[in-house]
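Below: one structure, written as structure tokens.
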Amino acid sequence: MMKESTVESFGIAFARHHMVEHQIARRGLKEPRLLAAFESVPRHAFVPDELRYAAYDDGALPIGFGQTISQPYIVALMTGLLDLKGDERVLEVGTGSGYQAAILAHLAREVFTIEFDHRLARRAEETLRALGLVNVRLFAGDGSLGWPAAAPFMGIIVAAAAPQVPKPLLDQLADGGRLVLPVNTLRYQLLELWIRHGKYYSHQVITSVKFVPLRGEYGKK
Ligand code: SAH
């Protein structure tokens with residue numbers, strides 16, 4: 001028998017609540033502001049029409065042009081690691097559908113997001129505008145170079161796997177700022193958290209993950 005999607009079983013509103021409860025809170029991410037952000041953002045607005053029934057399921061989904069919208073839990077995990085209080089300026093590399101940017105828009109003051117693929121950038125811009133998220137600025141181009149004119153950032157999230165941590169992103173981190181990104185190793189990718197302490201950085205490995213490759217100057221060659 002085919003597995004029924006959460007939208008088919010419960011309807012959109014309840015499916016979203018179910019996602020927050022079962023995929024995020026019960027896996028240990030319980031920060032109230034974080035959960036509220038996931039309750040408010042309609043993930044189904046960020047997936048292709050024909051996949052809306054699966055918008056609140058526990059996984060990544062294709063969004064066209066060979067790219068994916070990440071699993072909700074992974075978006076929550078990465079967002080939580082930024083430890084946002086609400087007054088920060090943050091950068092996202094790899095806008096994709098715009099879902100992660102929309103979540104950040106609820107948790108930070110200003111969100112800067114960069115998408116390499118112009119077609120995805122245009123679509124994400126429309127979705128974000130339709131939702132009235134006016135504190136998000138989108139740029140179509142190479143995010144591996146960061147967004148120097150808007151730096152420094154208290155938080156940076158990279159949604160594509162880099163061969164190593166792009167130096168421009170470390171440079172554009174504010175003192176005390178946090179950078180979360182998947183880094184390629186020979187056999188798998190590790191999600192890493194980098195924190196800036198003046199001219200020094202500390203870093204730790206969080207878990208293993210699976211992301212599309214980062215392109216551009218500091219991306220996959
Ligand atoms: N955060 C997204 C998921 C993104 S998937 C979401 O919430 O839907 C990763 C995205 O990174 C893809 O859209 C890909 O085109 C983009 N990408 C890859 N390399 C990039 C680069 N150098 N700069 C900006 N975007 C990049």
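Descriptive notes on the structure:
- Leading residue by the ranking (nearest to the ligand (Cβ to nearest atom)) among those in segment 189-214 that are surrounded by fewer than 17 Cβ atoms within 10 Å (Cβ to Cβ) and under 18 Å from A60 (Cβ atoms): P213
- Residue in segment 71-82 that is surrounded by fewer than 16 Cβ atoms within 10 Å (Cβ to Cβ), of a type outside the set (G, A, S) and under 26 Å from G132 (Cβ atoms) present: no
- One residue from A121, A102, A55, A45 being more than 17 Å from K210 (Cα to Cα), free of Cβ contacts under 8 Å to residues at least 60 places away in the same chain and in contact with a Leu (Cβ under 7 Å, 6 or more places away or on another chain): A121
- Among (1) touching a Phe, Trp or Tyr at 6+ places or on another chain (Cβ under 8 Å); (2) of a type in the set (V, I, T); (3) under 20 Å from L29 (Cβ atoms) - the single one T207 does not satisfy: (1)
- Here V111 fits the description: crowded, with 24+ Cβ neighbours inside 10 Å and either more than 10 Å from the ligand (Cβ to nearest atom) or under 24 Å from P42 (Cβ atoms) (or both).
- When residues of segment 175-188 are limited to those that are assigned to a strand (DSSP E or B) and without any contact (Cβ under 8 Å) to a residue 24 or more places away in the chain, the one least open to solvent (accessible area, probe 1.4 Å): V183
- Count - residues of segment 124-140 that are of a type in the set (A, V, I, L, M), open to solvent by 20 Å² or more (accessible area, probe 1.4 Å) and assigned to a helix (DSSP H, G or I): 1
- Candidates I74, I114, filtered to the one that is free of Cβ contacts under 8 Å to residues at least 60 places away in the same chain and under 16 Å from the mean Cα position of the chain (by Cα): I114
- Flag if A121 is surrounded by 24 or more Cβ atoms within 10 Å (Cβ to Cβ), modelled with pLDDT of 95 or more, within 13 Å of the ligand (Cβ to nearest atom) and among the aliphatic types (A, V, I, L, M): no
- Subset of segment 141-170 [part of a loop (DSSP other than H, G, I, E, B) and either open to solvent by 20 Å² or more (accessible area, probe 1.4 Å) or in contact with a helix residue (DSSP H, G or I) (Cβ under 6 Å, 6 or more places away or on another chain) (or both)]: D142, G146, W147, A151, P152, A159, P163, Q164, V165, P166
The values are calculated or read from the model by the stated rules, or taken from the named source; none is laboratory data. Please read these numbers as outputs of a predicted model, since none were measured by experiment. Reconstructed Cβ throughout: ideal geometry from the backbone, glycine too, with neighbour counts over all protein chains shown. Ligands, DNA and RNA are excluded from the accessible area calculation, which covers all protein heavy atoms including side chains. Shrake-Rupley method; radii C 1.70, N 1.55, O 1.52, S 1.80 Å.
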